[in-house]
Amino acid sequence: MQSFQEIIFKLKQYWAERGCIIQEPYDVEVGAGTMCPETFLRVLGPAPYRVAYVQPSRRPADGRYGDNPNRLFKHSQFQVILKPSPDDIIELYLGSLEAIGIDLKQHDIKFEEDNWEAPTLGAWGVGWQVMLDGLEISQFTYFQQCGGMDLDLVPAELTYGLERLTAFLQFRDSVYDIEWAKGVTYGDVRYRDELQYSVYNFEVADIKTLWKLFDLHEGEAARLLKAYDPKSPEKKRFPLLPTYDHVLKCSNLFNTLDARGAISVTERVGVIQRVRKMAVGVAQAWVNQTQEVAE
Amino acid sequence: MSLPFLLEIGTEEIPDWMIRNALEDLRAQFVKLGIAHESVRVDATPRRLVLRGSGLPERQADSVERVQGPSKSAPAQAVEGFARKQGVTQGDLAVETTPKGEYYVFHKRVAGRAIKDIMAAALPGIVLGIYFPKTMYWVKGGPRFIRPIRWIVALLGEETVPFELGGVRSGNLSSGHRRLGAREVVVTCADFEERLRDHCVILSADERRQRILSGLSGAKVDAALLETLVYLTEYPTAIEGTFDPAFLELPAEVLVTVMRSHQRYFSVEDAEGNLLPQFVAVMNIGADPEGFVRRGNERVLRARFADARFFWDSDQKKKLADRRADLGSVTFQAKLGSYRDKAKRMKVLVKELGGKASAVRAADLCKCDLTTEVVKEFTELQGVVGGLYARAQGEKADVWQAIYDHYKPVSMEDSIPRNKAGRLVALADKLDTLRGCFRVGLIPTGSKDPFALRRAAQGVVKILVEGKMELPLLTLLEGNAELIEFFEDRVRTYFKDVRGFRYDEVNAAMAAGWSNLVDLESRLVRIQALRESPDFEPLAASFKRIRNILEQAKFEGATGFREDLLEEEPEKELYSEYLSIAGQPIENVISVLRPKVDLFFDKVLVNAPNQEVRQNRLKLLFELRREFSKVADFSEIVTTS
């Protein structure tokens, strides 16, 4: 039986052999691997790129105090970006499943339409959810727009839900029972995270403080974006990546406030717009900044 | 020579629900090309759109083009120049008489183009012209299609029809099943379908459908799910699985929704219609000898059901009635407030419609399930879940059933809510949405109807008619002219398209009023029966004549009628007939009325020279029309003679 970490090792190995840089998780909290700069910013512009990484993804509203066998506040996505997408991308993807021990002649694979849209990122794409014996194990997306801009090279994004994939391969009904490493369960490693973050996100988080933090991060991002001068000869020094970190902070605070029930529906649309404005601002400046560097 | 033709567009997986329309589009575009053929058929799997034709010619027929040269009287040099330009000598030219005189002409033979060349030029446009609701690009500046095109087979007889799309060149290489077949499969027009079968692709949707059906045995055949699976697979095989009978404690509605909508399984029932702890899944491979696929699907279903039970149990901790305040934070529509606001309006409206305590209670609770975990997870169960919770929480049968049914009818084929309270709540829900949206300007245009207002209005019409509810519809529309016009169309559509009345009957009956739809329906039934009478059409024609006369005279009915001004016998007869039959149903009097009217128009000149007499005759006609237009305005009937 392969452990959780062995499956990760094999996926990293497989994609490394196919030209991917193996990154480590981004060190600012995100809701999905797509939001990491390695995806959100790297898919922009004309430079080809291939990268794979595990990204712990926080969804405050999905926390269940560690009680629900299938739902997690923080799950681990294995994220692959191939930019541009090669013609045999689906074959490569299926090969990765075989690399982790799934004999596809003995299992049922279906590609069911599932288009992806992230309003806070001004991003969307078309693709599928990939079903293995009735279980959704991956999202497959051809990005079309990011930061409100058409993409020069259409990337393919592959996302594997590592916990459910492992539970499937290990025949476990609860993610907490999967073997992380020999003799160590997922529950041993992560149960306390699930319980404590659920308590914090649903019960304890101080709404006023979170709003204050949101405003502070938004203010800093806005200050920086305003200072970016596309004509400046010094613009490649400009700290767009740190600006984007503040956008990510806002996004996570928004999700936490939402889980806490602190955002009324009328406010909701407005807050999404605020985050989107910052994200799109960074994306546009990023394209501009890389263009200049290329010259 | 007669040739077969094969076109296969190989793609990545096309969304199942788009495939049939795409095929019809492909066929239509091919036919529009105007190339002679004996037959054409289209087929598809998720990964290929295929068009096959037979009996195509190799070339178009040759034709002759007439090129006119200089006048016969032109200098010899000019004639010689013309001949040289055509690549012939003067002896090959003819002289023809035209309206402008005699001219040299050359009859140029134009060889018919090779069909292969015509196809090569036309096929890229045909393929990219197939309509899909949402397309993508995969190379910037390249073509847009539903998913990337990965291979193209285009053969006319033995030869490739050469063209290129998005960097893919056409050829004779197809592709087999993703895991069971070869990546490259050489095909010809003749062996295409068999070669695909060798590589585990069943091209015919009918055959895939039969394969699935043959594995369904006891399962309930859900037609929509079956079609989805037919176009989600290239080599479908049904397998049976089971689940823990303990899950049968959950309502069948929830279990079936999980199986059908989320897992695409067929559910299985016993002879009495009780759900059994079994399902049938359809996989895209031929067999499951080790049982991997069955066990995998069973495990997934177990997790799904466990989720549903978790949500169901946690929802029970808070009663529907205690969720009313929570609706304040669920937006109905930005300008129309929350669902709490909507529920309050619905309560008032239900009372106005004559609802009793149970209907008011149902209106009060019916939206509360929007805050439950089960509805957040399975939105298609809204209403149903509220009804089930209400039942579990001890609400009376007519209350929980009203909640359960209040989204009905969801289509023109769907039934209306089963009890009166449910009908009132459903009406209040839909009317509130319609009134509110029209008030704030959210009015459907063309194909855009994001709030499904057409469906809501159709639902109102259907409930009022089929529930025999004699409510004043126009009053309920609050005098909003746009909303009234919108409803007028829905009422017309319902009686015409759903109920099958003729359009002129509907126009005639509606012209006599349509606020009470139950009354409208009974009048339509009467008109339909009246139409059988030999007097009907002639009388309808006379009423049209009366209408025209009154319109031309701009007669508004103002003057008083004076019997002493009646001069001629036919008008006196008509008047006395009118007096004796007024107030009686038209069915009883049509046969006596018609001859009198005919005679009147035969013998009497309405536009008499004497002003008073003329006005009096107009008044007689006006009253006659008013009296007998209570069922319908018969002048709207389209007569055959």
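Computed from the coordinates by the stated procedures, all read-outs in this text should not be read as laboratory data. None of the values given here were measured: they were computed from a predicted structure. All Cβ positions, even for glycine, are placed from backbone atoms using ideal geometry, and neighbour counts span all protein chains on display.
Tabulated data for the structure shown
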{"item": "Unsatisfied cross-links (Cα-Cα over 27 Å) in the set A:K212/B:K335; A:K12/B:K140; B:K356/B:K408; B:K335/B:K448; A:K83/A:K226; B:K356/B:K468", "result": "A:K212/B:K335; A:K12/B:K140; A:K83/A:K226"}
{"item": "Value of relative contact order over the stretch A:206-294, rounded to a whole percent, pairs C-alpha under 8 Å and six or more apart", "result": "42 percent"}
{"item": "Interchain or long-range residues, amide H under 5 Å from A:F143's placed H", "result": "A:E157"}
{"item": "Residue of A:P56, A:P46, A:P86 that the Gaussian network model of chain A assigns the largest fluctuation, springs spanning Cα pairs under 10 Å", "result": "A:P86"}
{"item": "Value of D in µm² per second that Stokes-Einstein yields for the stretch A:206-294, Kirkwood Rh from Cα pairs, at 10 °C (1.306 mPa s)", "result": "115 µm²/s"}
{"item": "Residues B:V399, B:V64 arranged by fewest to most Cβ contacts within 10 Å", "result": "B:V64, B:V399"}
{"item": "Theoretical ellipticity at 222 nm over the protein assembly as shown - DSSP helices of four or more residues, -39500 (n - 2.57) apiece, nearest 500", "result": "-13500 deg cm²/dmol"}
{"item": "Fraction of the pair-distance distribution of chain A above 33 Å, Cα-Cα pairs, percent", "result": "26 percent"}
{"item": "Least to most buried among B:E573, B:E80, B:E377 (fewest other Cβ within 10 Å first)", "result": "B:E80, B:E573, B:E377"}
{"item": "Span-rule helices in chain B, defined as complete DSSP H runs reaching 30 Å or more along the axis (Cα) with Kyte mean at least -1.0", "result": "B:292-316"}
{"item": "Percent of alpha-carbon pairs separated by more than 18 Å within the stretch B:205-305", "result": "43 percent"}
{"item": "Taking B:Y389, B:Y578, B:Y339 and counting other C-beta atoms within 10 Å, the order from fewest to most", "result": "B:Y578, B:Y339, B:Y389"}
{"item": "Amide H within-cut-off set for A:I21, under 5 Å, with H built and near neighbours excluded", "result": "A:R50, A:V51, A:A52"}
{"item": "Calculated from backbone phi, Karplus (6.51, -1.76, 1.60) coupling profile of the stretch A:29-34 in Hz, x at Gly/Pro", "result": "5, 9, x, 7, x, 4"}
{"item": "Spin-label zone in the stretch B:602-630 - amide nitrogen under 17 Å from a point set 7 Å from the Cα of B:R545 along the C-beta vector", "result": "B:602-608, B:617-626"}
{"item": "Aspartates and glutamates with Cα under 17 Å of B:K319, excluding same-chain neighbours fewer than 8 positions away", "result": "B:D364, B:D369, B:E373, B:E395"}
{"item": "If the convex hull is drawn through the Cα atoms of the stretch B:1-68, its volume per residue in Å³", "result": "106 Å³"}
{"item": "As computed over the protein assembly as shown, the Cα convex hull volume per residue (Å³)", "result": "295 Å³"}
{"item": "Lys pairs under 23 Å by Cα in the stretch B:533-636, provided they are eight or more residues apart or on distinct chains", "result": "16"}
{"item": "Stokes-Einstein translational diffusion, chain B - Kirkwood Rh over all Cα pairs, 0.692 mPa s, 37 °C, in µm²/s", "result": "103 µm²/s"}
{"item": "Cα-based convex hull, the stretch A:1-93, per residue volume (Å³, whole number)", "result": "125 Å³"}
{"item": "Of A:L82, A:L72, A:L195, the one that fluctuates the most in a GNM where chain A has Cα springs shorter than 10 Å", "result": "A:L195"}
{"item": "Hydrodynamic radius of the stretch B:15-145 per Kirkwood, over alpha carbon pairs, in Å", "result": "19.0 Å"}
{"item": "Per-residue average of Cβ from other chains inside 10 Å of B:129-138", "result": "3"}
